[in-house]
1. I'm checking my understanding of the structure. Among residues of segment B:86-117 that are without any contact (Cβ under 8 Å) to a residue 40 or more places away in the chain, closer than 14 Å to B:Val61 by Cβ and of a type outside the set (A, V, I, L, M), which one is surrounded by the most Cβ atoms within 10 Å (Cβ to Cβ)?
2. If you take the residues of segment A:30-41 that are over 13 Å from the mean Cα position of the chain (by Cα) and more than 10 Å from chain B (Cβ to nearest Cβ), which of them is nearest to B:Leu114 (Cα to Cα)?
3. Would you pick out the residues in segment B:35-52 that are surrounded by 10 or more Cβ atoms within 10 Å (Cβ to Cβ) and modelled with pLDDT under 75?
4. Kindly check whether there is at least one residue in segment A:109-117 that is part of a helix (DSSP H, G or I), facing another protein chain (nearest Cβ under 8 Å), over 14 Å from A:Glu22 (Cβ atoms) and in contact (Cβ under 8 Å) with a residue 12 or more places away in the chain.
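The values are calculated or read from the model by the stated rules, or taken from the named source; none is laboratory data. Treat the numbers as computed from the prediction; the structure is a model and nothing was measured. Every residue, glycine as well, gets a Cβ built from its backbone with ideal geometry; the counts of neighbours run over all protein chains shown.
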Amino acid sequence: MSREAKAYIKGVKVSERHGAEEWAAERLSSLILVPLTLWGLWAGFTLSGGGYEGARDWFASPVNAVLLAVTLLVSLWHMNMGLKVIVDDYIHRPGSRSAILGLIGLLCLVIAAAGVFFIVRLALGSAPLPAGFGI
Amino acid sequence: MSSSPLSGDTSNDPADDQTGRFVRQPNGRPRPLSPHLQIWRWHVTMAASILNRMTGSALSVGAVLIALWLLALAFGPDSYATFTGWMGSPLGLLVWFGLTLALFLHLAGGIRHLIWDAGAGLSLKTADALSWASMILGVVGAVAFWVLLFASGRVLL
């Protein structure tokens, strides 16, 4: 078995594979999400009870649209990593694990793509869907 | 728990393990996993850590609902009215309250974990106090959020 040289930081062994990067990425996403979550709660409070017009007005502000897109994408990144750790812990058969991780990844990608698509349309003030899609 | 399988006991055979009691190490050898949840005596740091996982999983549902909210809004006033009709029903509000609670708990718990990951607050006493603080803060935050929502008339039952 080929192994890289073991590395230690302050007497703690560093992962020989990719565990350290995954650990750091999860913490980085948490750190970014702390202020974004507080903003998201405030945004949710503002939007509550505002109805359709209130929500469309809210999206007219580019700051709101951009912050929402960033919050959504970082949340999905964080969610994908968090769910992966749970699956790694409890699903032990390699085949099942890969399948479940694939489905989780797909779900996150679909939400990300659809979410950004809708946010962009709302921010640009586009006509309600399915306008322009020939339906 | 035996660390080596008894012969003839297939449920204890690490080569075909479906119980999750064994894990295949990178060197290819099956090794027993550390004891599962029911073995441990409950303590507050453990409860808070498990709660952080559970609330995180619950928030995945929240991500799907946020995507549905965006979809309903992008499809115009009629679909948005349908969406708010469902979400503004007592059951819908209960779901959103649950998600708010999960979000506040996960936020407070996440900050607690960031403090620990920075190497601070790891003495038994401080770790216990931080666990209690994050759980209490999470519940108080969520309840306060909804009291404000109702008090300001934004949400009506």
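1. In this case the residue turns out to be B:Trp96.
2. A:Pro35
3. B:Pro35, B:His36
4. Among the residues of segment A:109-117, at least one is part of a helix (DSSP H, G or I), facing another protein chain (nearest Cβ under 8 Å), over 14 Å from A:Glu22 (Cβ atoms) and in contact (Cβ under 8 Å) with a residue 12 or more places away in the chain, which makes the answer yes.
Yes/no matrix, rows are residues, columns are (1) small (Gly, Ala, Ser); (2) at the interface with chain A (Cβ under 9 Å from one of its Cβ atoms); (3) out of contact with any helix residue (DSSP H, G or I) (no Cβ under 8 Å at 6 or more places or on another chain); (4) buried (at least 18 other Cβ atoms within 10 Å of the Cβ):
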{"residue": "B:Ile66", "(1), (2), (3), (4)": "no, yes, no, yes"}
{"residue": "B:Trp69", "(1), (2), (3), (4)": "no, yes, no, yes"}
{"residue": "B:Ser79", "(1), (2), (3), (4)": "yes, yes, no, no"}
{"residue": "B:Ser123", "(1), (2), (3), (4)": "yes, no, yes, no"}
